Amino acid sequence: MKILNSFSLEPAQRQALENAGHTVIEEDQLDATTAQQIDVIYGWHTVSATVNFDHLQFVQAMSAGVDYLPLAEFAKHHVLLANTSGIHAEPIAEYVLGALFTISRGILPAIRAGRQMWSLRQERPPMTLLNGLTVVIFGTGHIGSTIAAKLHALGLHTIGVSAHGRPAAGFDDVVTDAEMTRVIRTADIVINALPLTPATRYFYNAKFFAALDRQPLFVNIGRGASVETTALVQALQAQQLRAAVLDVVDPEPLPQTSPLWDMDQVLLTPHISGTVPHLRDQVFKIFNENLQSLVSRGQLASHQVDLSRGY
């Protein structure tokens, strides 16, 4: 197999591939002739799209979400695609815990107050306990379930929303999209853990925020484009939302003119929640097992993306 390296291979990983009889080609080695011969792409950059999709067999993405890839072209040319779903779940869940405590225990106002924090202490910013609150998590896959399990252990009532409505680990209850309006009215916290698909683009819009009853905290660790940013700003201004934690936004980077920068009740981070320790090792393990399976059985071992669904 000729493998285009569009991610980052450790020397030992490259050697393992070469020992197995594969040829690793770097992006700066890709010429018109070689582009016609690429069988597998590890990662994805702009140059990756120049290969011959009729010859290409398999792409290993570096992320759980694959909305940035040409899925329709992959489907048309029967290219197999794998993601890294699952490896980001624990880091994202811990990020959510940290963010929720930062909001609920008055840490964010203290940070924003800086040297004036002692006067803030006299005012006693509103604080809540997470124990006993209701959290509604959209998306019950690896990430949503891991978040739910940690919040359930802290005493929160966990409700999941998914297209299928099947029970999932960590959730007290899971409902379908059709029941969404009913459960979000009970929410103290709403968390977006959905993949970005045509059905979830701008899912959180003015109509969604108008249906909220309890001024919940909104957390987005899914995709920025699932949220209509103008509607989010208006929901915060109208106090339909108490606060927002945004690790992803639309667009990214967030324009310097965005009102979100100056909102005291908004916690912004630069798309870092899914940062994984030893990322290269974890991704390569998935990739190498899939590659071996492709060679021996003509199919992937795990993490295959349903190209029609986008996840």
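The values are calculated or read from the model by the stated rules, or taken from the named source; none is laboratory data. On a predicted model such as this, the values are computed, not experimentally measured, just so you know. Every residue, glycine as well, gets a Cβ built from its backbone with ideal geometry; the counts of neighbours run over all protein chains shown. The accessibility values were calculated without ligands, DNA or RNA, using every heavy atom of the protein model including side chains. Shrake-Rupley method; radii C 1.70, N 1.55, O 1.52, S 1.80 Å.
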(request) Would you mind calculating the relative contact order of the chain from Cα pairs under 8 angstrom and at least 6 residues apart, reporting the percent as a whole number? (result) 15
(message) Along the charge dipole of the chain, pointing to its positive end and built from +1/-1 on Cβ of Lys, Arg, Asp and Glu, which listed residue (V190, S63, S85) has its Cα farthest out?
(response) V190
(request) Can you tell me the 0 to 90 degree angle between the C-alpha axis of helix 279-297 and the longest principal axis of the chain, rounded to 10? (result) 40
(request) Kindly express, to the nearest 10 degrees and within the range 0 to 90, the angle between helix 142-153's C-alpha long axis and the longest C-alpha principal axis of the chain. (result) 30
(message) Using a 1.4 Å probe on the protein heavy atoms, what percent of the accessible area of the chain belongs to carbon and sulfur?
(response) 52
(message) So if I take the centroid of the Cα atoms in segment 144-211 and the same for segment 45-84, what is the distance between those two points in Å?
(response) 29
(request) Would you calculate, for the chain, the mean residue ellipticity at 222 nm contributed by helices, counting each DSSP H stretch of 4 or more residues as -39,500 (n - 2.57) and dividing by all residues, to the nearest 500? (result) -9000 deg cm²/dmol
(request) Please tell me the relative contact order of segment 128-191 in percent, rounded to the nearest whole number, where contacts are Cα pairs under 8 Å and at least six residues apart. (result) 38
(request) Find, among the trypsin sites (Lys or Arg not before Pro) in segment 136-208, those assigned to loop by DSSP (not H, G, I, E, B) with at most 16 other beta-carbon atoms within 10 angstrom. (result) R185, R201
(request) Using only Cα atoms, find the angle between the long axis of helix 89-104 and the longest principal axis of the chain, and express it within 0 to 90 degrees, rounded to the nearest 10. (result) 20
(request) Would you work out the relative contact order for segment 74-184, in percent, from Cα pairs under 8 angstrom that are 6 or more residues apart? (result) 21
(message) List the aspartates and glutamates whose Cα sits under 16 Å from the Cα of K207, skipping any in the same chain fewer than 8 residues away.
(response) D177, E179, E228
(request) Mind grabbing the base-10 log of I(q)/I(0) for the chain at q = 0.10, 0.14, 0.15 Å⁻¹? Debye formula, identical points on the C-alpha positions, no solvent, two decimal places. (result) -0.63, -1.06, -1.16
(request) Report the one residue of A238, V174, G274 whose Cα lies farthest in the direction of the positive end of the charge dipole of segment 166-311 (charges on C-beta: Lys and Arg +1, Asp and Glu -1; origin at the Cα centre). (result) V174
(message) To make sure I understand the rule: partners must be aspartates and glutamates, Cα under 18 Å from the Cα of K2, and not fewer than 8 residues away in the same chain. Which ones qualify?
(response) E10, E18, E26, E27, D28, D31, D39, D54, E289
(message) Suppose all protein chains stay in the model; what accessible area per residue would a 1.4 Å probe give for the chain, in Å²?
(response) 49
